[in-house]
Every structure is written in structure tokens, then in C-alpha cells.
Amino acid sequence: MRTATPGAWGRREALAVFLLALAPRLLHWWFVRATPLAGEYVPDLSAYLFAVQRLMASAYFFVEPMVMSPGYALVLAPQYILLGPDVPAFVLVNAVLDACSAVLAGGLAARMAGAGGAPEDERRAGLLAGILYALCGPLLFYALLPLGEGPAVFCLLLGLTLLFRREGRAGSLAPWLAGALFALAALIRPNMAPAILLALGVWGGFSWRRCGGRTAGPALARCLLGCLLVLAPFMAHNAAVAGRASPFGFQGGFTLYSGNHPGASGVGDSLPGFDNTPYLVLMQAWQRAEAESGSRLSLGEADAWWYGKAWRFFADHTAEAAGLLGRKALLLANNSGLDATANLGFSARFSPVPGWLALPAGLVLALGAAGAVGLWRRKPEAAAIAALLLGQAALLLLFQVTPRYRVVLLPLAIILGAAWAAGVPALWRSGTRRALALPLACFALVLGLSLIPLKALVDKPGVEAQEHARLAQYYLLRGPQAKAQEEFAAALALGAPEPERLKAGLAASRLLGGQDATPRPFP
């Protein structure tokens with residue numbers, strides 16, 4: 001971290017951003033540490049814990065089919081060894097990592113603003129990015145779930161920081177480490193992988209044009225090799241176990257179809273006949289593919305079958321698919337968004353902190369759009385981050401758009417938006433105000449789209465009832481039973497599906513009401 005230039009981004013600014021970001025994250029952790037939000041109520045966590053247990057038992061590599069991508073299980077494994085299955089501790093680790101991500105975002109924004117600008121612009125950009133990151137409630141909420149979004153963002157930003165600081169360091173390890181971090185980020189969130197490759201290609205192309213291939217070429221090659229070295233064991237694993245050398249889990253085809261089928265909402269739908277339990281639903285998808293194809297399929301073949309089913313939807317229902325993509329674009333910019341498995345509004349009962357930090361996602365994305373348009377020609381690094389933002393956004397539009405999946409876009413938007421905004425006063429004073437026209441138009445467009453009422457885009461009235469039902473099931477298994485009964489009653493009053501099952505759960509909760517002091521294992 002540089003400190004030599006007066007007024008520039010340095011250690012003091014980085015420490016101030018870290019503390020500013022850490023304070024609300026620790027407060028949020030304090031609120032949720034003893035609630036279901038720091039437990040296996042959170043979707044997908046049970047599947048990751050199962051994968052960690054298999055890793056600990058040496059029964060994963062070349063044994064288990066990689067149904068889900070293993071990245072977050074790899075992040076959890078050392079924590080599991082040290083602390084055991086302590087979910088609140090996992091949330092605390094995510095809180096610290098996310099505060100570090102705020103510092104990384106500030107450093108990257110300062111670097112973007114430092115292209116020919118004054119040191120004060122660099123410092124202003126870094127501080128603005130750090131403050132926006134620290135005070136973005138939706139980003140805090142989803143990055144601190146005991147899931148992989150927060151660690152994925154940290155790995156991505158640290159990889160970019162290492163790669164962009166490689167000048168004048170022939171043979172440096174930084175590009176190798178950057179590649180390894182990019183690979184880990186992609187293993188946590190597989191939809192990052194194509195966008196990372198696009199960003200590296202853009203960065204290499206711009207660097208080649210500006211500086212020639214003497215530095216950019218070798219650095220890019222080392223970065224890609226570092227990425228490949230990390231992914232190679234997973235590619236070998238999947239080639240041996242599932243017959244396809246993909247480094248990622250085989251849930252992509254079913255995920256694509258759940259977001260793209262006749263009548264799809266664009267946010268991911270629970271398909272008829274499928275459970276809503278992570279891991280189990282993917283095994284059901286495997287069985288469905290075999291049943292409908294009339295043949296035995298490997299996991300990789302079943303995944304390809306679901307991809308084919310989704311592509312046929314695009315081919316056979318072109319007009320509906322085009323309208324669906326348009327709805328997803330509006331959902332991507334929407335301030336609220338709809339998430340049926342980790343709803344920010346519903347979870348306010350566990351912690352008020354994200355609501356206190358009410359920086360809307362739409363405003364952040366609007367700033368990112370302005371920054372991408374205003375900065376992409378300035379430096380190779382700015383072009384790369386813009387490509388990364390647009391590439392990940394395109395993949396979300398292709399699959400499905402939920403606030404949890406969208407959260408990985410927000411740090412990139414913050415970096416670009418802060419770096420652009422820091423230079424606006426200088427552009428205004430210099431008289432080159434025409435350069436602001438297109439970025440400001442993009443800002444206004446995205447901000448306007450973000451204000452469209454969510455119900456005008458997608459109306460799924462049963463989502464709240466499903467949340468109550470899922471929380472009731474959690475309390476039934478973990479206690480206290482008084483809360484389980486309250487949630488069962490709320491789900492029934494809101495007309496949740498399968499009312500007979502809910503009534504049976506309510507009756508069971510009443511029978512267990514005197515046993516809250518006896519913990520029951522979560523299956």
C-alpha cells in the first residue's frame with residue numbers, strides 16, 4: 001500500500017475504511033449469531049457442510065460426484081478443522097473478509113482514478129469506494145450469510161489487486177497467486193469463470209496495445225497457468241467420476257432450466273415434483289433426466305440433458321424467451337429484487353443492521369454503469385473491471401436474477417462508480433463537460449429502471465408463506481417450539497402450499513413443546 005505521495009491512497013485510508021466496514025459487520029454478526037440466519041436454516045449450507053465432512057473423511061476426491069461446486073466447502077474446510085461445525089464462526093470469518101474486501105475495493109478505485117489525475121483524486125476515489133462498500137446494506141447482508149458470495153468477492157478483488165500491481169516485477173509470484181485466487185472465486189461462484197476469462201482477455205489486449213507484450217504477455221500467461229493449476233485436480237476428479245472434465249459441479253443445466261422454461265418468472269422457480277432442499281433437488285434432477293431420456297445417464301450427461309432442455313426453450317419459444325430476458329434485465333437493476341431462499345426483508349427480524357445501511361442496489365449499479373462508460377478507455381485495468389461487471393451481469397441474465405446472485409456485481413460497480421465520480425469535479429472545472437453526458441445518461445437510465453415497482457415485474461405471492469414454512473421447519477427441528485408454532489400458523493394463514501404437511505408439523509411441534517431444552521440434531 002503506497003504512502004509516499006502526499007494526499008494519495010495509503011495505509012491510513014485503508015485502515016479507516018477497514019474499521020468503518022468492520023463495525024456494522026460485527027454488529028450484524030452480534031445480532032444474528034444465535035439466530036437461524038447463522039444456522040443451517042440458510043439454504044445450501046447443509047450441502048456444503050456435507051461436502052466438508054466428506055473431505056475430512058478423505059471420501060470426496062475421486063469418490064463423490066461433484067454435484068455442487070466445491071469452492072465454499074474448500075473455504076470452510078480449514079475453519080471446520082479448527083472450530084468444528086460452528087456456523088456463527090463462519091459468519092464472523094465472512095464479516096472480517098468482507099471488511100477486507102472494502103479495503104481492496106478502495107485500493108482498486110484509487111488505482112482507476114490515478115490515471116493521470118491528482119493524488120487527491122486517487123485518495124477521494126478510494127475513500128468513496130470504501131465508504132460505499134461499508135455502508136451498502138444489501139451487500140453486507142448477502143456477503144455475511146454462511147455461504148460463498150462474500151469469500152468469492154474477496155478472492156476476486158484480491159486477485160485483481162495482485163494482478164494489477166505486477167509492473168516492473170519480472171518473475172513475480174503475484175500473477176500466479178492472482179490466477180489461483182481467480183480459480184478459487186470461480187469454484188465458489190462458477191458463473192464468475194467466463195467473466196474472469198473475458199476480463200483477462202480485455203486487460204491483456206489493452207495492455208498489449210499500450211505497453212507491448214513485454215510485461216502484459218508473461219503476466220497474463222502466468223495468471224492463466226496459476227488458474228489452471230488450481231482447477232486441474234477438479235477437472236481430473238470430474239473426468240474420472242462423471243466422465244466430463246469440467247472443474248465445476250454439475251448443477252448448471254438444472255439451474256439454467258429453472259430460470260428459463262415456459263412460464264418462468266426469471267428469479268428461479270421451484271419446479272413441480274422437485275424438493276426445495278439443496279443437493280436433494282439436484283439428485284432428483286438427475287433421476288428426472290434419466291426417466292425422461294429413457295436411459296442411464298452419468299451426472300455429466302444428466303447436466304447436459306438439462307442444458308439441452310433449456311436451449312430448446314430458447315429455440316421453440318423465442319418470443320417468450322426474449323420477453324423473459326427483458327424482465328431479467330429489469331430485475332437486475334431493481335432496488336429490491338426477489339429472493340425466495342434468503343430474503344432481505346423477511347430476515348430483518350434477525351438483524352436490523354442491513355436496513356440501517358439503506359444504500360440501494362439500484363443506485364450502486366447506476367454508478368457502476370456510469371463508471372464503466374466513463375472509464376473503460378482510461379486504463380487497461382478499468383476496461384478489465386468493466387468487462388468483468390458486464391460479463392457477470394450477462395450470465396445472470398442468462399440463468400436467473402436474484403439479489404443473492406446479483407451481490408457479486410455490487411463491489412465492481414462500486415469500484416468503477418467511485419473512480420469515475422472522483423474525477424467529475426476536475427472534468428467540470430476543465431470545461432470538458434461533454435465527456436460527462438453519456439455516463440450521466442447511463443446513470444439516469446439505470447437509476448430510473450431500479451425504481452420500477454417489483455410487483456410490476458414479477459409477482460410471486462407465495463414467497464412469504466414459503467419463508468414462514470421453512471423457518472417453522474427449522475424451529476421444529478431445533479426449537480424453540482413456541483416459535484415453530486407461530487411460524488406454522490403464519491404459513492397456514494398466508495396459504496402456503498401443502499397445508500396438510502404444515503398442519504402435521506404444527507401438531508408435532510405442540511407435542512414437542514416441553515422438550516426445548518433437549519437439542520435435536522439437524523438432519
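Summary table below
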read-out	value
Heavy-atom accessible surface of the chain: percent carbon and sulfur, 1.4 Å	65 percent
Straight-distance crosslink candidates among aspartates and glutamates, where the alpha carbon sits under 15 Å from K379 and sequence neighbours closer than 8 are dropped	E122, E167
Lysines with Cα under 20 Å of K503, excluding same-chain neighbours fewer than 8 positions away	K483
Long-range HN-HN contacts of A8 with modeled amide H, under 5 Å	none
Using θ = phi - 60° and Karplus 6.51 cos²θ - 1.76 cosθ + 1.60, couplings along region 38-50 (whole Hz; Gly, Pro as x)	10, x, 7, 4, 5, x, 6, 4, 4, 5, 5, 5, 4
Surface accessible to a 1.4 Å probe, per residue, for the residues of the chain, Å²	41 Å²
Descending principal axes extents, region 372-449, alpha-carbon based, whole Å	43, 29, 16
Computed label-point distance, nm, for sites R12 and R434 using a 7 Å Cα→Cβ extension	4.1 nm
Hz values of 3J(HN,Hα) by residue in region 24-29 - Karplus curve (6.51, -1.76, 1.60), Gly and Pro given as x	x, 6, 5, 5, 4, 4
Size descriptor, Kirkwood hydrodynamic radius, that averages inverse alpha-carbon separations across the chain, Å	24.1 Å
Positive dipole terminus of region 6-71, leading residue within L19, A38, Y60 (C-beta point charges)	L19
Calculated Rg and Dmax of region 372-522 using C-alpha coordinates, Å	24.6, 75
Potential lengthening between D275 and R244 on full extension [0.36 nm per residue; Cα-Cα distance subtracted]	8.5 nm
Crossing angle, helix 216-242 versus the chain [Cα axis fit, 0-90 degrees, rounded to tens]	10 degrees
For region 1-79 versus region 224-280, the gap between their alpha-carbon centres in whole angstrom	21 Å
Estimated vicinal HN-Hα couplings, Hz - region 442-455 in sequence order (Karplus 6.51, -1.76, 1.60; Gly, Pro = x)	5, 4, 5, 5, 5, 4, x, 5, 5, 8, 4, x, 4, 5
Evaluated over region 23-95, the Cα radius of gyration and Dmax, each in Å	13.2, 43
Cα centroid of region 318-380 to Cα centroid of region 443-472, whole Å	11 Å
Qualifying aspartates and glutamates (Cα of each under 14 Å from Cα of K328; at least 8 residues distant if same chain)	D269, E320, D339, D459
Gained length - A394 relative to K455, 0.36 nm times residue gap less alpha-carbon distance	19.7 nm
Helix 87-113 vs. the chain, principal-axis angle (Cα, 0 to 90°, nearest 10)	20 degrees
Net charge of Cβ neighbours under 9 Å - reference G263; Lys, Arg +1; Asp, Glu -1	-2
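The values are calculated or read from the model by the stated rules, or taken from the named source; none is laboratory data. A quick note: this is a predicted structure, and the numbers were derived from the prediction, not measured. All Cβ positions, glycine included, derive from the backbone under ideal geometry; neighbour counts span all protein chains shown. The protein model used for the area step is the full one, side chains on, heavy atoms only, and it has no ligands, DNA or RNA in it. Shrake-Rupley method; radii C 1.70, N 1.55, O 1.52, S 1.80 Å.
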